[in-house]
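K.L.:
What follows is a single structure, and I will ask about it in a moment.
The values are calculated or read from the model by the stated rules, or taken from the named source; none is laboratory data. Keep in mind that this is a model prediction, so the values were computed, not measured. Positions of Cβ are generated from backbone atoms using ideal geometry, with glycine treated the same way; all protein chains shown enter the neighbour counts. With ligands, DNA and RNA removed, areas are computed over all heavy atoms of the protein, side chains included. Shrake-Rupley method; radii C 1.70, N 1.55, O 1.52, S 1.80 Å.
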Amino acid sequence: MKSSEIRERFIQFFKKEGHQHIQSSSLIPQNDPTLLFANAGMNQFKEYFTGQLKSPYSRAVSVQKCVRAGGKHNDLENVGLTARHHTFFEMLGNFSFGNYFKEEAIRFGWDFLTKDLKIDANKLYVTVHISDDEALKIWNEKIGIPKEKIFKKDKDNFWEMGEFGPCGPCSEIFFDHGSKYATPNFTPKAGEDILDDGLRYVEIWNLVFMQYEKTQKGTQTLPAPSIDTGAGLERLSAVMQNCYWNYDTDCFTPLINKIESLTSKSAKDAKYASNIRVVADHIRGATMLITDGVIPSNEGRGYVLRRIIRRAIRHLRELETKEILFHKLVPTVFDILGGTYPTNKNNEPLAIKFLELEESKFLETLDQGLRFLEEAYSKVNNKILPGAIAFQLHDTFGFPLDLTEVISKEKGITVDVAEFDSCMKKQQELSKKSWKGAALSNNNQQYNEIFNKFGASKFSGYEKTIDQGKLLAIIELSPSSSSKEVALIFDNTPFYAESGGQIGDKGTIVTSGTVGTIIAKVTDTLKPLEGLIVHIATEADLNKLQTGNSYTLCVDLSERKLIQRNHTATHLLQKALTTVLGDHIKQAGSAVTPHRLRFDFTHFTAMKDNEISRVEEMVNKAIKDGLEVDIQNMKKDKALKTGAVALFGEKYAEEVRVVNIKNYSTELCGGTHVTNTQEIGIFSIVAETALSSGVRRIEALTSTKAIERLLERSSLLEQIEVITQVKTQDIPHYIENIKVKIKDMDKEIKNLNDKIQDLESGPLFDNPEIIKDKYAFKQIKINPGQDLKKFSDKYMDKYPNGILILYQQTTGDKLTNKVSVLLRVSKTVTTVDCSTIIKKLLPLINGNGGGRKDFSQGSGEITNDQTGTEKINKFLLEIKKLLLESV
């Protein structure tokens, strides 16, 4: 049975049992700062389990994209070595939110496996938590599993999604692959059973009885017992396709065939089998992460993604490949998964571009890292490579620890793994900060309670900027402050809450009636929970703001219009960028304010001037053409089939808002927009810069702000014309001529300074002190601005056996002077270490420095008084003393 059929059978089975089919969420967890990646099917339902939100359905079924390569659930190191560990996998799951519990969950799982898939029940075994006699009884008495095939376990049968979150005891179903796969001479130890032979028996289904939640304050009972089950598609595919290795199923074989074709190596060759499996696994993980919005970087999610990519590249090198190949596997990934995950498939060009860039970059650092390692080996003591060196290779050059260990083993050297782990732990704490986020605000519980009591806020702001709303709740944010900042929640509002890059609306709250009185100024509008709109207000008159009363809500119309122009302009900009630069362009972030727009996008080089001009011209043409902007709500699948562009890495509801700019672009977007592009007026790019590797940023202005900028620049140009007496069209040429003249003058000044230095150095070099009848020693103070190194070169030219101390003082502020020092000896002076001397003594003048054995520099700072003079004199005496003692 093909994996695609198993996936579809699973969904249909549970739909017949009254479950709502829910699409997979993104691999980037939404509104959950405790998770690095989506690692289980229940992640997107977390708030339903905890009772923070009321679920719109009591039963659900999903096939969830998962990655386990960081955090509590991390399978990365086992990939390729075992038959069934993966970075990316698909989790089949059915869920109950306070509806059914243990008996029904057990029955559903057993029936699907044994009746729908027709797996031989004799090959199935069951585990329960050591304390769960209820589950054991259900399996034995209701399902008919003999007690000798039910095993009690402790830690393995208590499931947790992470450091915090829902958890509970679980019951697992294992499949027996047969005695031929048993661990040789396996005998269960104390506390073990036959299922601890992980080679023979494989867990294929996990039924979690969600009863508790772990929080920062401790463990508490969930509002209602619930069910979370998970079955790995790849493992079930192995069972249904009579395979032992998941890599032999149709989830992987097309990839393995492609790798064999590209590398001319066979997966049947034991020398290369694990390398090929790792590459096949990692290309799935890397591709799905990039196409879900994760960008390779040196922190957080991007750091883990980069590690996956670099591990794969290293294994490709073990397959003796010389060209860049990893990115060529992306199309095969989507041959397998593209039909199930069309949004990821749409971002295929982006994955190819990023992986090609990452591979070429790592190949550069690979060579550098090998040179660094060879140098480190030359300093190794007791045949042990310090863990700090291994970590530096990992952190700076991207070397996985196992690569360093393999290379070291070839030279008879072991790696201090304990020290490496210590360094890694510190790094992980730093990485964690970039994704773990801040704790929930003090008001989040109140927002949850308000949402559960009143439901979602109604937003009328697409049609209106003034509307009536009943005040549902007031939360005082600064009760001790005279500004009276409060959060106001209404049943209905025209205020747009910040989301999708668009800033929240500002405005006023007015008493209802013919002549309303302003009783609060809205400074921001936010959405702390999906569906709940919160107005942040100052100068609130709490005597006149009463819950249950209706008020007039007035959006600042002038700001809203500016925001709409900028937001529609970002849609015009994205389409223009795609047209000019290519299909790999994806939005990676944005900020839409009344004053300007910022658009971040995936691209790998700085834009050329002519590309920026073409983009700007294309946007302005669309504005001039007066294109109608049509907005409709429709089902997500239908919208995507029409060619609507989805935001990179964003999660959408089943019904989406589609913004169509006639004959130009179509995007999914919840923001506010103009009705015709002519309303934008004009578009002007202010800057194009690098944001990170593979991500660029454009800042631009529209409407009145763009006109203001152009008028300001025109005024400046007029001033330049008056000052220079040069016509506008001739100014660029005039400035180029000035730059050439300045460059020539700088060169002339440098030549003159060199001549002055030659003239001054002559007398200063005279009469050196001769040490041991051989070495010419001199201590010289030179003027500020003179080149210490050049001065020392001339001295060494004159005295082949020279020893030199050079220093200069420059005025810092009124209280301090900066001191620069150079210490140099001739190559013939082999007993002196300038670097050691200068590092030892520079602290005397609050400085630091370093260099080579024969040449060292540094700087420090002394007070501009007698104490400072005494310090520098002592410092120079100590240098001379150490120098002469070493000769």
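K.L.:
State all residues of segment 280-328 that are open to solvent by 10 Å² or more (accessible area, probe 1.4 Å), at pLDDT 95 or above and within 23 Å of the chain's Cα centre (by Cα); if no residue qualifies, say none.
P.N.:
Scanning segment 280-328 gives a single hit, His327.
K.L.:
Just need a number here: residues in segment 57-75 that are farther than 12 Å from Phe88 by Cα and either in a strand (DSSP E or B) or at pLDDT 90 or above (or both).
P.N.:
Of the residues in that region, 7 qualify.
K.L.:
Please enumerate the residues belonging to segment 804-820 that are touching a Ser or Thr at 6+ places or on another chain (Cβ under 7 Å) and either surrounded by 12 or more Cβ atoms within 10 Å (Cβ to Cβ) or over 22 Å from Glu870 (Cβ atoms) (or both). Steps first, please.
P.N.:
Keep residues of segment 804-820 that are touching a Ser or Thr at 6+ places or on another chain (Cβ under 7 Å), which gives 804, 806-808, 815-820.
Answer for segment 804-820, where residues must be touching a Ser or Thr at 6+ places or on another chain (Cβ under 7 Å) and either surrounded by 12 or more Cβ atoms within 10 Å (Cβ to Cβ) or over 22 Å from Glu870 (Cβ atoms) (or both): Leu804, Leu806, Tyr807, Gln808, Thr816, Asn817, Lys818, Val819, Ser820.
K.L.:
Quick check on my filter: what residues within segment 587-625 are in contact with a Ser or Thr (Cβ under 9 Å, 6 or more places away or on another chain), open to solvent by 20 Å² or more (accessible area, probe 1.4 Å) and more than 29 Å from Thr343 (Cα to Cα)?
P.N.:
Of everything in segment 587-625, those that are in contact with a Ser or Thr (Cβ under 9 Å, 6 or more places away or on another chain), open to solvent by 20 Å² or more (accessible area, probe 1.4 Å) and more than 29 Å from Thr343 (Cα to Cα) turn out to be Arg596, Asn620, Lys624, Asp625.
K.L.:
Between Gln757, Gln779, Gln786, which is open to solvent by less than 80 Å² (accessible area, probe 1.4 Å), outside any helix (DSSP H, G or I) and at pLDDT below 85? Even if it seems obvious, please write down each step before you answer.
P.N.:
Working: Gln757 fails: outside any helix (DSSP H, G or I); Gln779 fails: at pLDDT below 85.
It is Gln786.
K.L.:
Show the residue pairs that are 6+ apart or on different chains and have beta-carbon atoms under 9 Å apart, the first residue being within segment 337-362 and over 16 Å from Ile295 (Cβ atoms) and basic (Lys, Arg), the second being open to solvent by less than 30 Å² (accessible area, probe 1.4 Å) and in a loop (DSSP other than H, G, I, E, B).
P.N.:
From segment 337-362, the pairs are Lys345/Gly338.
K.L.:
May I ask you to verify whether Asp865 is touching a helix residue (DSSP H, G or I) at 6+ places or on another chain (Cβ under 8 Å) and among the acidic types (Asp, Glu)?
P.N.:
The answer is no for Asp865.
K.L.:
I would also like to ask the following. Could you list, in sequence order, the residues of segment 372-388 that are of a type in the set (Gly, Ala, Ser), under 10 Å from Val415 (Cα atoms) and open to solvent by 30 Å² or more (accessible area, probe 1.4 Å)?
P.N.:
Answer for segment 372-388, where residues must be of a type in the set (Gly, Ala, Ser), under 10 Å from Val415 (Cα atoms) and open to solvent by 30 Å² or more (accessible area, probe 1.4 Å): just Ala388.
K.L.:
Can you report the number of residues in segment 682-728 which are touching a helix residue (DSSP H, G or I) at 6+ places or on another chain (Cβ under 8 Å), part of a helix (DSSP H, G or I) and crowded, with 19+ Cβ neighbours inside 10 Å?
P.N.:
2
K.L.:
Sticking with this one: Just wondering, is there one or more residues in segment 274-285 that are closer than 25 Å to Asp367 by Cα, assigned to a helix (DSSP H, G or I) and in contact with a Pro (Cβ under 7 Å, 6 or more places away or on another chain)?
P.N.:
No, segment 274-285 contains no residue that is closer than 25 Å to Asp367 by Cα, assigned to a helix (DSSP H, G or I) and in contact with a Pro (Cβ under 7 Å, 6 or more places away or on another chain).
K.L.:
A further question follows. Which condition number does Glu318 fail, the rest of (1) over 15 Å from Gly694 (Cβ atoms); (2) touching a residue at least 60 places away in the same chain (Cβ under 8 Å) being met?
P.N.:
Exception for Glu318: condition (2).
K.L.:
So how many residues does segment 765-776 have that are surrounded by 11 or more Cβ atoms within 10 Å (Cβ to Cβ), without any contact (Cβ under 8 Å) to a residue 12 or more places away in the chain and over 23 Å from Ile872 (Cα atoms)?
P.N.:
Total meeting the criteria: 1.
K.L.:
Return the only residue of Ala267, Ala280 being free of Cβ contacts under 8 Å to residues at least 24 places away in the same chain and of a type outside the set (Phe, Trp, Tyr). Walk me through it before giving the result.
P.N.:
Details: Ala280 fails: free of Cβ contacts under 8 Å to residues at least 24 places away in the same chain.
Exactly one of Ala267, Ala280 is free of Cβ contacts under 8 Å to residues at least 24 places away in the same chain and of a type outside the set (Phe, Trp, Tyr), namely Ala267.
K.L.:
To continue, here is another question. Can you pull out the residues in segment 837-882 that are in a loop (DSSP other than H, G, I, E, B) and open to solvent by 80 Å² or more (accessible area, probe 1.4 Å)?
P.N.:
Answer for segment 837-882, where residues must be in a loop (DSSP other than H, G, I, E, B) and open to solvent by 80 Å² or more (accessible area, probe 1.4 Å): Asn846, Arg852, Lys853, Asn864.
K.L.:
Quick check on my filter: what residues within segment 509-539 are closer than 22 Å to Phe451 by Cβ and assigned to a loop (DSSP other than H, G, I, E, B)?
P.N.:
Result: Glu530, Gly531.
K.L.:
How many residues are closer than 15 Å to Ala238 by Cα, outside any helix (DSSP H, G or I) and at pLDDT 95 or above if we restrict to segment 79-134? It would help to see each step written out before you state the result.
P.N.:
Step one: of segment 79-134, the residues closer than 15 Å to Ala238 by Cα are 82-86, 89-92, 113, 117-120, 123-124.
Adding the requirement that they be outside any helix (DSSP H, G or I) leaves 82-86, 89-92, 117-120, 124.
Applying the additional criterion that residues be at pLDDT 95 or above yields 89-92, 117-120, 124.
Number of matching residues: 9.
K.L.:
Output the number of the condition that Ile145 fails; it satisfies all remaining conditions of (1) outside any strand (DSSP E or B); (2) touching a residue at least 40 places away in the same chain (Cβ under 8 Å); (3) farther than 26 Å from Ser3 by Cα.
P.N.:
Here Ile145 clears every test but (2).
K.L.:
Of the residues Glu172, Glu160, which is closer than 24 Å to Ser96 by Cα and surrounded by fewer than 20 Cβ atoms within 10 Å (Cβ to Cβ)? If you could, list the steps in order and put the result at the bottom.
P.N.:
Values: Glu172 fails: surrounded by fewer than 20 Cβ atoms within 10 Å (Cβ to Cβ).
Every option except Glu160 fails the conditions.
K.L.:
Restricting to segment 329-340, count the residues that are surrounded by fewer than 21 Cβ atoms within 10 Å (Cβ to Cβ) and either over 13 Å from Pro254 (Cα atoms) or among the aliphatic types (A, V, I, L, M) (or both).
P.N.:
Count: 4.
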